[in-house]
Structures are given as C-alpha cells and as structure tokens.
1. Kindly provide the set of residues from region B:133-153 that are surrounded by fewer than 24 Cβ atoms within 10 Å (Cβ to Cβ) and hydrophobic (A, V, I, L, M, F, W, C), ordered by number.
2. Give region B:181-214 a look and list any residue that's within 16 Å of B:Lys293 (Cα to Cα) and either crowded, with 23+ Cβ neighbours inside 10 Å or in contact with a Ser or Thr (Cβ under 6 Å, 6 or more places away or on another chain) (or both), or say none.
3. Out of B:Val43, B:Val85, report the one residue that is over 30 Å from A:Ile193 (Cα atoms) and within 23 Å of the chain's Cα centre (by Cα).
4. What pairs come out if I take residues in region A:51-78 that are touching a residue at least 60 places away in the same chain (Cβ under 8 Å) and pair them with residues that are of a type in the set (D, E, K, R) and surrounded by 19 or more Cβ atoms within 10 Å (Cβ to Cβ) whose C-beta lies under 9 Å away, six or more apart or interchain?
5. Take B:Gly283 and decide whether it is without any contact (Cβ under 8 Å) to a residue 60 or more places away in the chain, within 12 Å of chain A (Cβ to nearest Cβ) and on the phi > 0 side of the Ramachandran plot.
6. If you take the residues in region A:107-131 that are free of Cβ contacts under 8 Å to residues at least 12 places away in the same chain and closer than 20 Å to A:Pro209 by Cα, which one is farthest from the other protein chains (Cβ to nearest Cβ)?
7. Can you pull out the residues in region A:158-195 that are in a helix (DSSP H, G or I) and farther than 30 Å from A:Glu128 by Cβ?
Amino acid sequence: MTAWTESVAPDRSMQRSRSSSLATFDRTFRIASYACALFVLLVLFGIVAAMVYGGWPVFREFGFAGFLASSTWDVNNDQYGAWPAIAGTLTSAAIALVIGVPISLGIAIFLTQLSPGWLKQPVSTAVELLAAVPSIIYGMWGLFVLAPLVARYVQTPLNEVVEGLPVVGTVLYSRVPSGTGIATAGVILAVMIIPFIASIARDILDQIPTVLRESAYGMGCTTWEVVRYVLFPQAGVSIIGAIMLGLGRALGETMAVTFVVGNANRLSGSIFDPGSTIASRIANEFNEALGLQMNALLALGCVLFFVTFSVLILARLLVARVEVH
Amino acid sequence: MAIGTSTDPIQGAAVPWRRVRPQREIADRMLKALCTVFTGLGVLVLGWILAMLIWEGVSALSPDIFTRTMPGPGSEGGGLANAIVGSVILTVLGIAVATPIGVLAGTYLAEYGRASKLASVIRFINDVLLSAPSILIGLFVYTIMVQPLGGYSGWAGGVALAIISLPVIVRTTEDMLRLVPTSLREAAAAMGAPQAHVITGISWRAARAGIITGILLAVARIAGETAPLLFTALNNSFWFSPSLLGGVSNLPVTIFQFALSPYANWQQLAWAGALIITAAILGLSLFARYLLKRGSR
C-alpha cells in the first residue's frame with residue numbers, strides 16, 4: 001500500500017507522471033468494468049435480435065398468429081406451425097409442476113422445520129447435487145430406467161382401465177405403450193425442477209423470523225398449523241416466484257426431454273403418446289434444417305424466448321419482493 | 001390470524017389436558033409423514049441416478065477410454081480420448097472468455113454501480129440470464145458466429161459456454177465483493193489510493209477465495225452442457241484440427257449420440273462418458289461448496 005503515499009518523492013516530475021499513470025489506470029479500470037457490465041445487457045438484446053431476425057421470414061409468411069396456431073409441420077411442403085410443439089411444452093411443464101411442486105415444498109418444509117440437525121446438511125447437499133447433475137444424465141436415466149418402468153407399470157395397466165371411456169380414454173390412453181411420451185418427459189422435468197424450487201423455498205422459509213414461528217408454537221400450534229397459517233402466508237408470493245423459476249427451467253429444458261419425449265411431430269390427444277416440445281424440436285432438426293425450416297426453428301426459439309423470459313422475469317420480481325421485506 | 005379459530009377454547013376443553021384434537025393431530029402427522037417421504041424420494045432419486053451410472057459406467061471403464069479415439073459405426077473397441085480432450089478445451093475456452101468479463105461486470109455492480117438504476121437493471125437481467133434456456137444461447141451463437149463464419153467451430157462452442165457461465169461468475173463475484181467490509185475500502189481510500197487500486201488491491205484480494213469458487217461453479221455448470229454445443233462445436237469422431245475450426249469432439253454431444261445409437265459398444269462408451277462427466281461435475285461442486293464453507297468460517 002505504501003506505493004501510493006506520496007510523502008517522500010523528491011523528483012516532482014516523476015511524481016506527476018506516476019500520478020497521471022495512476023489516473024489512467026483508474027479511468028481505464030472503471031470504463032472496462034462498466035463496459036463488461038453493459039455486455040450482460042448486450043447478450044440479452046443479442047439473443048432477442050437473433051431470434052426475431054431469424055424467425056422473421058416465417059412470421060411474415062404465415063403470420064404471427066397463424067404460425068402459433070397451425071398444427072402442420074411439413075418439411076417437404078415448407079408448411080410450419082408451432083402449435084404441437086407449444087402444446088407439448090406447456091403440457092410437459094404442467095405435469096412437471098403438478099408432480100414437482102408438492103415434493104419440492106415438502107422437502108423445503110422438512111429441511112426447515114422437521115429435520116434433526118445432523119440430517120439437515122447432508123440432505124441439503126444431496127438436493128443441491130441433484131441440481132448439478134447435467135441434463136443429459138437425466139435423459140439417460142429417463143430413457144433407460146424410467147421409460148421401461150412407465151411402460152410396464154403405468155401405461156399397460158392404465159390402458160386396460162381407461163380403454164373406451166370418454167375423455168380419460170383419450171387423454172390417458174397410449175396407442176403404443178413404449179414409455180416415451182409427454183408424460184414421461186413431465187416426470188423427468190419434475191425431478192429436474194425439484195432441487196431448484198426446494199432450495200429456493202428453503203432459503204425463503206429460513207428468512208422468516210424465528211420469533212414468528214416460535215410464538216405460533218408457543219400458542220400450541222402443530223407443525224401443520226405453523227406451516228399453513230404462519231409460514232406460507234408470510235412467504236406466499238415468493239414461494240410462487242420460486243415455483244415460476246422452476247417453470248422457466250422446465251419450459252426450456254432440452255436434452256433430457258429430447259431423450260424421452262418421443263419426438264413426434266403430430267399433436268396427440270393423449271399425454272402418454274410421443275410428442276415434442278419447442279426445445280426438443282429445435283435440438284432434433286436444427287442441424288439438418290435448410291432455408292425456411294431453419295427460420296421456422298428460429299421462430300420457435302423466438303416463441304420459447306418470450307415465454308420463458310416472461311415467466312423468469314415475473315418469477316424474479318416475485319422472489320425479489322420478499323427479500324426487501 | 002386464523003389460528004384462533006382452530007384452537008377453539010371450548011372444544012379444547014372437551015378433550016383431556018395435553019392432548020390435541022384428533023383432526024389437528026392427523027393433519028400434523030400427515031404433513032410430517034409426507035414431507036419426510038418426499039425428502040426421502042428426492043435423496044433416493046439422486047442415489048438411483050448415481051447407482052445407475054456406477055453400475056453401467058464402471059464396467060465400461062478401461063484405459064482405452066482415455067487413450068483411443070471414438071470408434072466408427074459398427075467397429076469394435078475405441079475410446080473417448082478425443083471427446084475428453086475436446087471437452088476440456090471447450091470448457092477452458094469458455095471460462096477463459098467469461099472470467100475477465102464476468103469478474104469485471106460483477107465488480108461494476110458491487111463497487112461502482114451499487115444501488116444505481118443501471119446496476120439494478122443489469123443485476124436483474126443477469127439473474128434472468130442465469131436460468132435462461134441454454135438451447136437459445138446455442139441458437140444465438142449459431143446466428144452470430146457459425147452462420148457468418150461459414151462453419152461449426154470450437155471457438156463458437158467456447159463462446160456459447162462463455163455466455164452460459166457469464167451470469168454465474170457475475171453473480172458470485174458481486175455477492176463475494178459485497179461481503180468485503182466497507183471499512184477496508186475506506187481505510188485504503190483514506191490513504192489516498194484511487195478507487196481502481198482499492199478494488200484490485202483490497203476488495204479483490206479479500207474476496208479472492210469466493211470469486212474462485214464462483215468460477216469453479218461456473219465450470220461445473222458448463223462442463224455438462226449439451227444443447228448449446230449441438231449447434232456450435234457440433235462433434236467430431238476423430239481428432240479435431242488444432243485450429244479448432246470445423247467440428248470439435250466433446251463428451252456431452254458424444255454421450256447424446258452414442259446413447260441413442262443402436263451399437264452396443266457405443267452405448268457402453270456413452271455410459272463410461274456419463275460416469276466420467278458426472279463424477280467430475282459433482283466432485284467440482286462438492287469442492288466449491290467446501291471452499292465456500294471454509295471461507296465463511
């Protein structure tokens with residue numbers, strides 16, 4: 001640190017050149033860090049621009065609404081519609097939330113309220129490691145372990161029960177009980193979003209002042225009543241934010257879904273039939289795509305961008321609101 | 001609060017002292033049981049995945065994996081040497097690009113921008129990018145690098161991985177710099193140090209361990225990324241060119257292609273690759289976690 005204390009420097013010219021080089025460094029450093037921070041913004045705008053620019057020919061050709069609503073995806077005749085992929089994305093994400101949310105909240109409650117002290121750390125680490133496992137490994141687990149189980153113990157028995165029934169006979173009936181399909185993708189997505197939602201929800205519950213909890217227990221409340229009437233009302237909005245962060249991840253997840261979704265281009269009425277999501281469609285077709293098909297895939301990317309980013313932005317706003325309290 | 005209604009004193013008097021109404025007890029027991037079961041389920045899935053990887057992967061491991069290149073379709077033997085080296089190069093490239101930018105951007109947020117409007121916007125955008133779908137980053141880099149340059153390249157793959165790791169590094173750098181006490185900065189500033197020197201000499205030095213942890217976490221994040229590499233570095237069955245132009249072999253895409261292939265030895269290699277990559281990533285995350293905990297003590 002002594003270098004900058006200018007007390008004993010006999011040569012004034014040297015001193016001046018030194019202080020001017022200090023000033024230069026100071027300015028350069030400030031500008032460099034400012035530029036790098038702006039680069040983060042630039043990345044976001046770059047992504048938006050690339051997607052909109054790439055998808056533009058398709059939106060012009062079929063119209064924005066026409067592209068979203070059409071169900072034909074015919075590469076030979078250059079007809080592209082996003083609806084089967086959008087429906088697959090939404091359905092699988094919805095299944096993921098239905099399965100994943102109760103489990104994640106259960107884990108968060110266990111970690112913050114029920115767990116004995118010695119168990120807390122190992123379980124927390126396990127949950128966080130689950131989030132670090134690459135998505136391709138989940139894909140392999142889904143394809144080689146989960147899909148055969150789903151085919152054997154879910155689809156086959158379920159087919160016998162629901163066959164011929166109205167509505168359920170369509171939604172839950174699988175023509176080919178192969179184990180791959182939208183529902184299996186939803187289960188894999190549930191497993192993948194659980195660690196996210198659980199660890200954020202745990203942090204949120206941990207932030208609630210202990211006094212609140214203790215006073216409720218002191219009144220004779222059971223754990224259920226503390227959770228239901230004290231913790232959740234306190235954490236409410238940000239728990240929804242945490243769930244939406246999980247939803248954002250489920251909507252955009254690619255590799256794991258590509259393994260198990262079946263990659264069919266048609267729209268099926270059943271959640272057990274093969275389908276595709278926006279991300280899996282892009283992953284499957286992009287490398288062989290030419291001309292308008294590539295634009296159509298970029299247009300799908302554009303749709304995915306706006307959907308996930310709206311969800312993520314809303315999620316961050318909801319989570320952030322509680323941190324202020 | 002609604003608690004008052006559930007502990008109705010008159011009803012409470014009807015049951016013996018120190019006992020809870022049955023409905024309340026059942027609800028409570030059910031919550032506890034469900035939460036415990038769900039937690040067990042979460043841990044079980046992790047164990048299941050690890051067991052699957054070890055079961056299938058260990059039998060496929062052999063010295064050949066690290067010394068020989070990927071086998072052609074239908075041919076026996078072979079290894080993953082080119083894929084492993086390619087993955088290491090791409091990851092190092094990504095981190096090398098992202099680290100200076102990320103650390104400086106994090107520094108801006110923590111030291112210069114602080115509570116300013118621009119800083120809070122950047123902070124928010126960065127948090128959103130943190131969970132952005134990685135396939136979109138792949139498409140983005142395809143449009144800005146692969147298409148204009150006329151071909152897949154390791155450089156494009158490195159840039160895609162850099163964009164994915166950038167928000168992680170920005171976030172951890174900012175968080176770690178914020179933990180540095182202001183009094184340290186004030187002491188240095190009072191000695192006449194310009195702000196840039198305060199930051200590099202005091203703040204960075206104090207937060208060094210945390211920033212390095214952030215970089216390790218970023219490595220763990222990008223090492224297994226597949227989707228962004230599909231459209232940028234693609235893959236290569238042979239040794240890639242040292243200029244990194246053309247497809248560069250890498251583990252994640254190889255695992256993806258081999259796992260879905262009809263050849264038994266390719267599937268074996270996919271399992272071996274999956275075991276290697278997961279062991280590396282989980283080991284790295286545990287190490288980063290350990291560093292973080294040791295630092296905070």
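The values are calculated or read from the model by the stated rules, or taken from the named source; none is laboratory data. In this text the structure is predicted, and so the values were computed from the model without any measurement. Note that we place each Cβ from the backbone using ideal geometry, even for glycine, and neighbour counts take in every protein chain shown.
1. B:Ile144, B:Met145, B:Val146, B:Leu149 - these are the residues of region B:133-153 that are surrounded by fewer than 24 Cβ atoms within 10 Å (Cβ to Cβ) and hydrophobic (A, V, I, L, M, F, W, C).
2. B:Ala207, B:Ile211, B:Gly214
3. Within the list B:Val43, B:Val85, the selection yields B:Val85.
4. A:Trp73/A:Arg281; A:Val75/A:Glu285
5. No: the conditions fail for B:Gly283.
6. Checking each candidate, the answer is A:Gly117.
7. Once the filter is applied, which keeps residues that are in a helix (DSSP H, G or I) and farther than 30 Å from A:Glu128 by Cβ, region A:158-195 yields A:Leu158, A:Asn159, A:Glu160, A:Val161, A:Val162, A:Val168, A:Gly169, A:Thr170, A:Val171.
Residue-by-condition table, conditions (1) buried (at least 19 other Cβ atoms within 10 Å of the Cβ); (2) in a helix (DSSP H, G or I):
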{"residue": "A:Ser215", "(1), (2)": "no, yes"}
{"residue": "A:Gly220", "(1), (2)": "no, no"}
{"residue": "A:Trp224", "(1), (2)": "yes, yes"}
{"residue": "A:Phe232", "(1), (2)": "no, yes"}
{"residue": "A:Gly236", "(1), (2)": "no, yes"}
{"residue": "A:Ile240", "(1), (2)": "no, yes"}
{"residue": "A:Met244", "(1), (2)": "yes, yes"}
{"residue": "A:Asn295", "(1), (2)": "yes, yes"}
{"residue": "A:Leu312", "(1), (2)": "yes, yes"}
